[in-house]
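First comes the structure, then the notes that go with it.
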There are 2 protein chains.
Amino acid sequence: MFEWFRRRARNRKPAAVIGQRGATDESTRYDLADLAPDVVSYLGQVAYFELAVFETLSRAVSESPTLASKEGLSAVAGDALTKHHGIVAELRKLKVDPASAMEPFAHSIDRFEELTRGNDWLETLVSVYVTGGFLDDFFQRLVGGLPKALAARVQTLIEPDREAAIIVEQLQQAIETDPRVASRLALFGRRLLGDAILLARNAIAGSGDKAHDEARMEPVFTDLIAAHSRRMDALGFTA
Amino acid sequence: MFEWFRRRARNRKPAAVIGQRGATDESTRYDLADLAPDVVSYLGQVAYFELAVFETLSRAVSESPTLASKEGLSAVAGDALTKHHGIVAELRKLKVDPASAMEPFAHSIDRFEELTRGNDWLETLVSVYVTGGFLDDFFQRLVGGLPKALAARVQTLIEPDREAAIIVEQLQQAIETDPRVASRLALFGRRLLGDAILLARNAIAGSGDKAHDEARMEPVFTDLIAAHSRRMDALGFTA
């Protein structure tokens, strides 16, 4: 059922393809290079976002009901931390203090984390899977605004859903054990999309022409939402 | 003041040297190969211990008072996670399920974590610095009981105090800002040694002759305690 995750993990294809299964390279025309924030703002918010994802996953590691799930989730947490440290290394290369670069985005991302926080371990997993996947996917669409070599490194670094199969497996097991949790988790997963979209829209540097920006963003968000639906599908949920 | 940490981090020398600054290779005669548990028990408990250290550090990341300290500690947490995953990879190479190998040690290490848990962020840092350093140092003394190639890999992997300078810096800053915390933290640090020694003793497979085992362990523990004193010294504390 979640074969497409595993395939992605092996192939390490560019992210644009996630949004459209089987899409060709033409999907890259949907990228948002012209609306991307400046390099430091971009790296600062991605760094802080990945750190927040890491923190959420660390909590999930601690709350894991079994040693096997603890062990699996620690690998997912490690992947988020690798993303964070990779972006921090890029900031350091630019002689930018990572904390200063992250600071302007701490408040809105902390607020986002509060709004999307799960009430228990399973909801935490759904949240990090759905919002982490969506935002990594989104941030990848902005790499066109970075210098070319940096863009390529960041593109590889923040690949979405790299460890998603581990989370999907945990959730599927829980649903098999107690099918009643499925509807609660599906409802929770649907609620997350709105907040993820708002955080993404805030990350975009407007051109000043709002109508133009909306028109530019529309196909990208259509694409991101399609990828979201596939994440929900992998859990047997209707998005 | 904590120059020796930085030097170690650069040089990556074998752990035995930590115990005795400037000691020669003869310090390796103090290793406990003959009292080491079987390979799977050894790897299982080291894997679980590093996971517990990672969880404690993750909590410290979340509770960090500044973004700079959050960022620094996330690197320390990442190092503990790398140790954990490295040991898990060794278990998998041996076709052993990591969760099963860790299971027998989960209770005693969880109990240890409860006993040594700090009441606030600073105490958490002292705890992980003092007990993590001590136990990594101890576990390295047991690698002689592993097959030679595995021993070399584990020796490198679980190097103690690799990221300790980051923790020491945070604690020194806090003490400079408010010198009154020093005596509380020093007292807390001293209390940790007993629990660390007990956990280490439990990890040793006795030969059946208790007096012989004690005699074998004595020089090693003298060495471990000397390294503990130097960790305390780095904070300006008397061990």
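Every number in this text was worked out from the coordinates using simple rules, so none of it is lab data. From a predicted model like this one, the values you see are computed outputs, not experimental measurements. Glycine gets a Cβ as well: all are built from the backbone with ideal geometry, and neighbour counts include every protein chain shown.
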- Message: Cβ neighbours within 10 Å, averaged per peptide: list A:38-45, A:175-182 in order, most packed at the top.
- Response: A:38-45, A:175-182
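Please give the charge dipole size of the range A:126-239, origin at the Cα centre, charges +1 on K and R Cβ atoms and -1 on D and E Cβ atoms. Round to the nearest 20 debye. Present the calculation step by step, with values, prior to reporting the outcome.
On the way: 13 positive and 15 negative charges, 34 e Å.
In total the dipole reaches around 160 debye.
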- So which residue of B has the beta-carbon closest to the axis that swings B onto A, and how many whole Å away? B:SER58, 2
- Query: With each pseudo-label sitting 7 Å past Cα toward Cβ, what's the A:ALA205-A:LYS95 distance in nm, one decimal?
  - Reply: 2.0 nm
- Query: Based on DSSP H runs of at least 4 residues, each adding -39500 (n - 2.57), what is the mean residue ellipticity at 222 nm of chain A after dividing by all its residues, to the nearest 500 deg cm²/dmol?
  - Reply: -24500 deg cm²/dmol
- Using θ = phi - 60° and the Karplus curve 6.51 cos²θ - 1.76 cosθ + 1.60, what whole-Hz ³J(HN,Hα) does each residue of the range B:44-59 get, with Gly and Pro shown as x? x, 6, 5, 4, 5, 4, 5, 5, 5, 4, 4, 5, 4, 5, 4, 4
- Task: Could you bin all the Cα-Cα distances of the protein assembly as shown into 20 Å bins starting at 0 and give me the percent of pairs in each, rounded to whole numbers?
- Result: 23, 51, 24, 2, 0
- Which Cα, out of B:LEU187, B:MET217, B:GLN140, lies furthest along the positive dipole direction of the range B:107-236 (beta carbon charges, K/R +1, D/E -1)? B:MET217
- Query: Between the range B:39-82 and the range B:99-136, what is the C-alpha centre distance in whole Å?
  - Reply: 10 Å
- Relative contact order of chain A, pairs being alpha-carbon contacts under 8 Å that are 6 or more residues apart, as %: 31 percent
- Task: Please report, in debye to the nearest 20, how large the charge dipole of chain A is about its Cα centre when each Lys and Arg carries +1 at its beta carbon and each Asp and Glu carries -1 there.
- Result: 480 debye
- Note on the structure: HN-Hα couplings for the range A:89-99 via Karplus (6.51, -1.76, 1.60; θ = phi - 60°), in whole Hz with x for Gly/Pro, come out as 4, 5, 4, 4, 4, 8, 6, 9, 5, x, 4
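Partner chain Cβ atoms within 10 Å, averaged over the residues of B:67-75 - can you pull that number for me?
Numbers: counts 11, 6, 1, 7, 11, 2, 0, 10, 4.
Counting Cβ atoms of other protein chains within 10 Å of each residue's Cβ and averaging gives 6.
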- Note on the structure: In cubic angstrom per residue, the convex hull of the range A:34-234 built on its Cα atoms measures 111 Å³
- Convert each backbone phi in the range A:172-185 into a coupling constant with the Karplus relation 6.51 cos²θ - 1.76 cosθ + 1.60 (shift: θ = phi - 60°), then list the ³J(HN,Hα) values in order as whole Hz, x for Gly and Pro. 4, 4, 5, 5, 5, 5, 9, x, 5, 5, 4, 5, 4, 5
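Is the shape of the range B:139-193 rounded, prolate or oblate, going by the alpha carbon gyration tensor and its root eigenvalues a ≥ b ≥ c, with a/c under 1.5 for rounded and a/b larger than b/c for prolate?
On the way: a/c = 9.19, a/b = 2.55, b/c = 3.61.
It comes out oblate by the Cα gyration axes.
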- Which net charge results for the neighbourhood of A:LYS210, defined as the other residues with beta-carbon distances under 15 angstrom from its beta-carbon, given Lys and Arg at +1 and Asp and Glu at -1? -3
- Considering only lysines 8 or more places apart in sequence, or on different chains, count the pairs in the range A:34-234 whose C-alpha atoms sit under 26 Å apart. 6
